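The values are calculated or read from the model by the stated rules, or taken from the named source; none is laboratory data. Just so you know, these numbers come straight off a predicted model, no measurement behind them. Methodologically, a virtual Cβ is constructed for each residue, glycine included, from the backbone with ideal geometry; neighbour enumeration extends over all protein chains shown.
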Amino acid sequence: MNAARRDDPTAETDRTGPDPTRIRAMFAKVAPGYDRANDVLSVRIHHRWRRTLVRMSGAAAGQRVLDCASGTGDLAIAFAHAVGPDGAVVATDFCREMLEPTPGKAARAGVAVPCSVADVTALPFGDDHFDHASIAFGIRNVADVPGALAEMARVTRPGGSVLVLEFGQMRTPVLRGAYRCYARHVLPRLGGWLTGQPGAYRYLESSSAAFPCGDAFARIFAAVPGITDVDVRPRMGGIAYVYRGVVG
Ligand SMILES: C[S@@+](CC[C@H](N)C(=O)[O-])C[C@H]1O[C@@H](n2cnc3c(N)ncnc32)[C@H](O)[C@@H]1O
């Protein structure tokens, strides 16, 4: 097996999606350099995309939010500012190492974000517990995508929203070609240099290029039990998409 195949959590498996054990192990190794790599590789644009998601959610002061596959907590912290001191945001992820920086980052940002280790496909919360549930750059890594979205809808009250931020493919062919060139050749080198894990950034490119986006993902989302309306917003011509599903 060559290095690229060995590093790829989708390689050598007959699963329908990525292997959770390999995904967790990959993120545990990436965790120490994850934030620095994010900021460099996206020139901090990911923070703008997170703010778009928070605006689309309509999150208001005093509300409760669950951020799934929360990683180092950037989206959870953005939500904590939106819901204010009377609200509550919980960050969950199945990789403890990824969650570790979150409490310190939240404290430095002047908010509190409690964390717990949990798989998005089996959330340890009761029905209708939250006003909003979100997942940023996580759903692409989940083996059972409809199952994860259904769990997020289950823990969200009727009238609340399930929010997804995920990479996609650019819609204009010329730009798509140029971006793929960057993603294939620059991302793994730069991401590898910043984190010591080039395989994780090869996987980022291959999984993003293959993941359904725009209307294709919206159809999957709309078919999830409990989800009614789905709204889709491409960012930067389709490099990323924000999706909002209303819980019925
Ligand atoms: C690319 S990171 C995104 C982290 C963070 N949401 C962000 O926007 O920076 C993907 C995260 O998804 C988590 N993840 C993948 N599959 C998961 C699952 N089934 N349940 C919970 N977390 C999962 C990984 O551990 C990792 O922290």
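For segment 200-225, residues that are surrounded by fewer than 21 Cβ atoms within 10 Å (Cβ to Cβ), farther than 21 Å from residue 151 by Cα and of a type in the set (A, V, I, L, M) total 2.
Summed over segment 37-60, residues that are within 12 Å of the ligand (Cβ to nearest atom) and either aliphatic (A, V, I, L, M) or more than 24 Å from residue 112 (Cβ to Cβ) (or both) total 4.
Checked across segment 35-45, the condition of being within 16 Å of the chain's Cα centre (by Cα), more than 17 Å from residue 102 (Cβ to Cβ) and assigned to a loop (DSSP other than H, G, I, E, B) holds for at least one residue. Can you confirm whether residue 137 is closer than 28 Å to residue 209 by Cα and aromatic (Phe, Trp, Tyr)? Judged against the criteria, residue 137 is a match.
Note on segment 165-221: enclosed helices (runs of 4 or more DSSP H) holding 1 or more residues that are in contact with a helix residue (DSSP H, G or I) (Cβ under 8 Å, 6 or more places away or on another chain) and polar (S, T, N, Q) are 187-195, 198-210. Could you say whether any residue in segment 90-99 is within 10 Å of the ligand (Cβ to nearest atom) and either basic (Lys, Arg) or modelled with pLDDT under 95 (or both)? Scanning segment 90-99, I find at least one residue that is within 10 Å of the ligand (Cβ to nearest atom) and either basic (Lys, Arg) or modelled with pLDDT under 95 (or both), so the answer is yes. For the residues 11, 4, the requirement of being modelled with pLDDT under 95, assigned to a helix (DSSP H, G or I), in contact with a helix residue (DSSP H, G or I) (Cβ under 6 Å, 6 or more places away or on another chain) and more than 12 Å from the ligand (Cβ to nearest atom) singles out 4. Residues in segment 61-81 that are without any contact (Cβ under 8 Å) to a residue 40 or more places away in the chain, more than 16 Å from residue 116 (Cβ to Cβ) and more than 13 Å from the ligand (Cβ to nearest atom): 61, 62, 81. The set of residues in segment 139-151 being more than 18 Å from residue 74 (Cβ to Cβ) and part of a helix (DSSP H, G or I) consists of 145, 146, 147, 148, 149, 150, 151. Restricting the first residue to segment 118-138 and requiring it to be within 13 Å of residue 154 (Cβ to Cβ) and part of a strand (DSSP E or B), which pairs with a second residue that is modelled with pLDDT of 95 or more and within 8 Å of the ligand (Cβ to nearest atom) meet a Cβ separation below 7 Å and a spacing of at least six or different chains? That search, which allows pairs on different chains as well, returns 133/68.
Inspection of segment 99-115 identifies at least one residue that is over 20 Å from residue 59 (Cα atoms) and part of a loop (DSSP other than H, G, I, E, B). Screening the candidates 87, 138, 160 for the property of being near the ligand (Cβ under 9 Å from one of its atoms), small (Gly, Ala, Ser) and crowded, with 18+ Cβ neighbours inside 10 Å yields one hit, 138.
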